[in-house]
Structure formats: C-alpha cells, structure tokens
Amino acid sequence: MEHSIHRQLKSLYVADPELHEVRIDGYRIDAVDGERLIEIQYGSLGAIRNKIRRLLRSHDVLVVKPLAERKQLLKRDVSEGPVVSQRKSPKKQTLWNLFDDLVHFVDVFPHPRLELEVLMTLQDEYRLPAEKKRRVCRGYVVEDRLLAEVTDRSMLRTVDDLMAMLPESIKPPVRTEPFSTADLAAAAGISRPLARKVAYCLRRCGVAQVVGKVGNAILYELPDLEADRPS
C-alpha cells in the first residue's frame, strides 16, 4: 500500500498526476519530468539498484531519498479513527544517515545521468495495534506516513559532493595524515558503525584510498582537491 508521503513527494516534483506511475522500459516510474525520470525511495536504495542501473542506460534519473529529521508518532485504535495518543520519536536522522543506504547503492552512484537528492523532512506516522494473529514483533503496524515539512535538500551528483559533506578537519590541507573511522566518527559527531559505512562508500566511489593500518584500524587518505585544481 502506498503511503501518503510517497504521493505527496510525487506531487512536489511533478504536479500533473497524469505523469505519475508511468510505464517506461518495462518499469513503473514514480513521476516523469520532461526527459527526466523521478524515483522516490522511502525504503532501501538497494531495492531499486538494478532498476536504476538499467534505466540509466537510456534515461536521466533523479532518485529522491527522504530522511526523517523528526517523526511524530500518532496512535489510533482503529483504522482512520481518532488519535488516542501521540509522541515524538526518539530516533532522529541527519544527512549522515544517507550512508546507511548508500552502502547498497555505490555500484550505481555516481553516474553521469544520475542525481540523488536527499530530503530532510518532518513526518507524521500513524500506527495501529497489530492483530494478535499476525507475527509483528513490535506490536504495531504503520497505517500511514505523511509529509509535514521539507526542512532541507541536498543534491548529490559527483564524488565531490560526497567530499563536501566531510568535516574540514578530516580533509586536506587541514589534515596532513591518514585518518581512521574513529577519527571520522569524532570529527563528524556520528557513531563508529556509521563512520565505517561512510568510509566504505568513500572507498568504493574512489574518493578515499586505504593506505595502511594501525592495529586493527584501517587508515584512509583523501585527495587534496585544492591542490588538484589548476591555478
């Protein structure tokens, strides 16, 4: 079942509903904007990896990835009934959480015909109690998700855009020595596991190079983009 946030985002990019859910090259495309195909992916980017790879052979593609900066959780006892309780989710995503998904998409991104836009959003999530006969460990099912607001947008096209996300303290010329994922985690204010995903993506995209180890910690090095630019 399509959630409301998916319909809302399709309309945000292409107002005409006749250009939503269009069949192209055997695939259902979320929206078509002139010559550009638009795919909105709330779930894992890995789930659309093969689809996007094939579409890129002959089309320009924009993949839209919404992240939840804040999520309001609203509980109902019955479908479409009154809200009986609500609270803010303790989970808050930042732009860094893109890398939770990008690890499954680095064999597609970057590509000359691909744009990846990350939306930071405020969302409302409506929940219903799970039926006892259903195997749902968390005790609820999501009835719907609604987009309340888009608070920020980041467009990624090239490896330079990934580099721009990194803290200056981790990049040349400020840093003159290799760094570990512990260094990256401290500089970016993220967890070590997430820093490992960032480093993996940087390496797979050809941005970072592995240059050694200290104990079990892999050391990475980034190019000096300022030095590489012609004077």
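FYI, it's all coordinate maths here, none of it is from the lab. What you see is a predicted model; the values in this text were computed from it and never measured. Counting neighbours? That spans all protein chains shown, and the Cβs are built from the backbone with ideal geometry, glycine included.
Projecting each Cα onto the charge dipole of the chain (Lys/Arg +1, Asp/Glu -1 at the beta carbon, about the Cα centre), which of Pro90, Leu119, Tyr42 comes out farthest on the positive side?
Of the listed residues, the answer is Pro90.
By the scheme Lys and Arg +1, Asp and Glu -1, what is the net charge of all other residues having a beta-carbon under 11 Å from that of Asp183? All intermediate terms of the calculation are to be shown ahead of the outcome.
Details: positive: Arg175, Arg192; negative: Glu177.
Counting the neighbours of Asp183, the net charge comes to +1.
Find how much the distance from Ala15 to Tyr140 grows on full extension, using 0.36 nm per residue of separation minus their present alpha carbon separation; answer in nm with one decimal.
Numbers: separation 125, 0.36 × 125 = 45.00 nm, distance 3.33 nm.
Using 0.36 nm per residue and subtracting the Cα-Cα distance, I get 41.7 nm.
Fewest Cβ neighbours within 10 Å first, please rank Leu19, Leu95 accordingly. Don't skip to the answer; put the middle values down first.
Details: Leu19 17, Leu95 14.
Fewest-to-most Cβ neighbours within 10 Å comes out as Leu95, Leu19.
Using each residue's phi in segment 98-113, evaluate 6.51 cos²θ - 1.76 cosθ + 1.60 at θ = phi - 60° and report the 3J(HN,Hα) Karplus result to the nearest Hz, with x for Gly and Pro.
Listing the rounded values in order: 4, 5, 4, 9, 4, 4, 9, 9, 6, 8, 10, 9, x, 8, x, 9 Hz.
If you project the alpha carbons of the chain onto their three principal axes, what span does each projection cover, largest first, in Å?
61, 41, 31
Just need log10 I(q)/I(0) for segment 125-217 at q = 0.17 Å⁻¹, Debye formula, equal scatterers on the alpha-carbon atoms, no solvent, rounded to two decimals.
-0.82
Note the full-extension length gain between Ala186 and Arg57 as 0.36 nm times their separation in residues minus their Cα-Cα distance, in nm to one decimal. Kindly include the intermediate steps, with their values, before the conclusion.
Values: separation 129, 0.36 × 129 = 46.44 nm, distance 3.96 nm.
Residue separation times 0.36 nm, minus the Cα-Cα distance, leaves 42.5 nm.
Which residue, Gly26, Gly212, Gly189, tops the fluctuation ranking in a GNM of the chain built on C-alpha contacts under 10 Å?
Gly26
Roughly speaking, what is the centre-to-centre gap between segment 162-231 and segment 1-64 when only Cα atoms are used, to the nearest Å?
Segment 162-231 and segment 1-64 have Cα centres spaced 32 Å from each other.
Who wins for biggest fluctuation among Val64, Val22, Val103 in a Gaussian network model of the chain, springs between alpha carbons below 10 Å?
The residue that fluctuates most here is Val22.
Charges only on Cβ, +1 for Lys and Arg, -1 for Asp and Glu: so what's the dipole of segment 161-228 about the Cα centre, in debye to the nearest 20? Can you show the working numbers first?
Details: 8 positive and 8 negative charges, 99 e Å.
Once rounded to the nearest 20, the dipole reads 480 debye.
Taking 41 Å as R0, compute the FRET efficiency from the Cβ-Cβ separation of Arg203 and Arg36 and round it to 0.05.
On the way: r = 30 Å, r/R0 = 0.72.
E between Arg203 and Arg36, to the nearest 0.05, is 0.90.
Per the Kirkwood treatment, what hydrodynamic radius in Å, one decimal, follows for segment 1-129 from the mean inverse distance over all distinct Cα pairs? Each step should come with its number before you reach the end.
On the way: mean 1/r = 0.0622 Å⁻¹.
Computed over segment 1-129, the radius equals 16.1 Å.
Kindly put Thr94, Thr151, Thr176 in sequence by how many other C-beta atoms sit within 10 Å of each C-beta, fewest to most. Write down the numbers at each step before the final one.
On the way: Thr94 14, Thr151 11, Thr176 7.
If I rank by nearby Cβ atoms, fewest first, I get Thr176, Thr151, Thr94.
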